[in-house]
Amino acid sequence: MMGNRSYRVAMTGTGAYLPPKILTNKDLEKMVDTTDEWIVKRTGIKERRIVESGVAASDLASKAALMALKDARVSPKDVQLIITSTITPDSLFPSTSCYVQQKIGATDAGAFDVLAACAGFIYALSIGQNYVRAGLDNVLVIGSECLSTVVDYEDRSTCILFGDGAGAILLQRMNGKGSPEVLSTFLGADGKYADVLGIPAGGSKIPSSSKSIKDRLHYIKFRGREVFKLAIQNLTKVMKKTIDSSGYKVDDFSMFILHQSNFRIIEATMERMNIPKEKAFLNIEKYGNTSSASIPIAIDEVKKSGKLKSGDLVLLAAFGGGLTWSSSVIRW
Ligand code: COA
């Protein structure tokens, strides 16, 4: 299956699935001490989607994956590898990708998950890109999250931000038919800041116990202002590095798809990079922060909008718990 030459990598199919249930800022006003005005002003979010009880990350992922396969006119049986990025897996193991493999009927595929929090989709993309470069075909790269299952709806500083959703992209060898091409991917991390953002309990360090539940340690915790600053610093750093090593100039890029974490983080990063704000993709007002899912949902939305033309350059960039960051150059 693996060849000796390096193949070019195309995104031949995209799909996104957002659960139908909407949680608005007005709904949150009834749950915690907050206002629609505060949330919009500080984050840009108006509403987010959340799953019904019992719906898992693999359910959203499978729907998005089937859409991506349909878009590329590829049968699930021809998928060779499934890589899902998620911080809300169906279970600690088996991987969410294994559930997806079964649900979509990808009977010939290998399957595993990637954990790099909100930067995870581009991490997964880089793995998929390298498998396709090496000769594998039909690699499904997915970002899927049910963040509502790990959000503390009694904590106003975190619960306003997050939403659920999934996006999927099919990677294939470039065949000259004008699909977006993954030119490069760039990854970074700094574990020194591991404690600024994460879910403290449920792993080997703090296994689940009645105390961990009582202390509400199974929910997302962050130090908001610190994360805010680190996000802007590291997004700027990784975007500069990725652009410098691409051989292109910042002005050559038509669109910047940044992880939808907070519109103020996106705006401040664009400002620091001296890029006109209009070049930033934004859909955070509809979905909030969907972690791993935000970049593939955005790519699917951009593709369907027809806003970009063949040959346009797009920069993807994301930042998340770990800390992790990642970026990618796409030629549309
Ligand atoms: N409604 C109303 N007031 C709120 C509130 C809410 N939902 N949440 C916090 N506040 C209050 C705070 O208590 C604080 O009050 P004080 O000044 O009396 O202490 C005030 O609003 C300002 O809080 P602060 O945390 O400084 O606000 P902020 O402008 O930094 O915005 C975040 C808060 C969380 C939106 C912002 O810091 C953020 O987006 N950080 C990144 C979060 C993150 O980790 N995202 C994931 C990254 S991938």
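The values are calculated or read from the model by the stated rules, or taken from the named source; none is laboratory data. Since we're looking at a predicted model, the values are computed, not measured. All Cβ positions, glycine included, derive from the backbone under ideal geometry; neighbour counts span all protein chains shown. Side chains are part of the model used for accessible areas, which takes the heavy atoms of the whole protein and leaves out ligands, DNA and RNA. Shrake-Rupley method; radii C 1.70, N 1.55, O 1.52, S 1.80 Å.
Observations, loosely collected:
- Helices (runs of 4 or more DSSP H) wholly inside the stretch 1-94 that include at least 2 residues being without any contact (Cβ under 8 Å) to a residue 12 or more places away in the chain: 25-29, 36-43
- Set Tyr248, Tyr219: member being more than 30 Å from Leu313 (Cβ to Cβ), aromatic (Phe, Trp, Tyr) and at pLDDT 95 or above: Tyr219
- Exactly one residue among Gln101, Gln80 is surrounded by fewer than 22 Cβ atoms within 10 Å (Cβ to Cβ), out of contact with any helix residue (DSSP H, G or I) (no Cβ under 6 Å at 6 or more places or on another chain) and not aromatic (Phe, Trp, Tyr), and that residue is Gln80.
- Selection over the stretch 279-332 of residues that are aromatic (Phe, Trp, Tyr) and in a helix (DSSP H, G or I) gives a count of 1.
- A single member of Ser85, Ser95, Ser126 is open to solvent by 20 Å² or more (accessible area, probe 1.4 Å) and small (Gly, Ala, Ser), and it is Ser95.
- Remark: pairs (first residue in the stretch 175-190, modelled with pLDDT of 95 or more; second residue aromatic (Phe, Trp, Tyr); Cβ separation under 8 Å; 6+ apart in sequence or on different chains) = Pro180/Trp332; Leu187/Tyr123; Leu187/Trp325; Gly188/Trp325; Ala189/Trp325.
- The residue that is farthest from the ligand (Cβ to nearest atom), counting only those in the stretch 25-55 that are among the β-branched types (Val, Ile, Thr) and open to solvent by 40 Å² or more (accessible area, probe 1.4 Å), is Val55.
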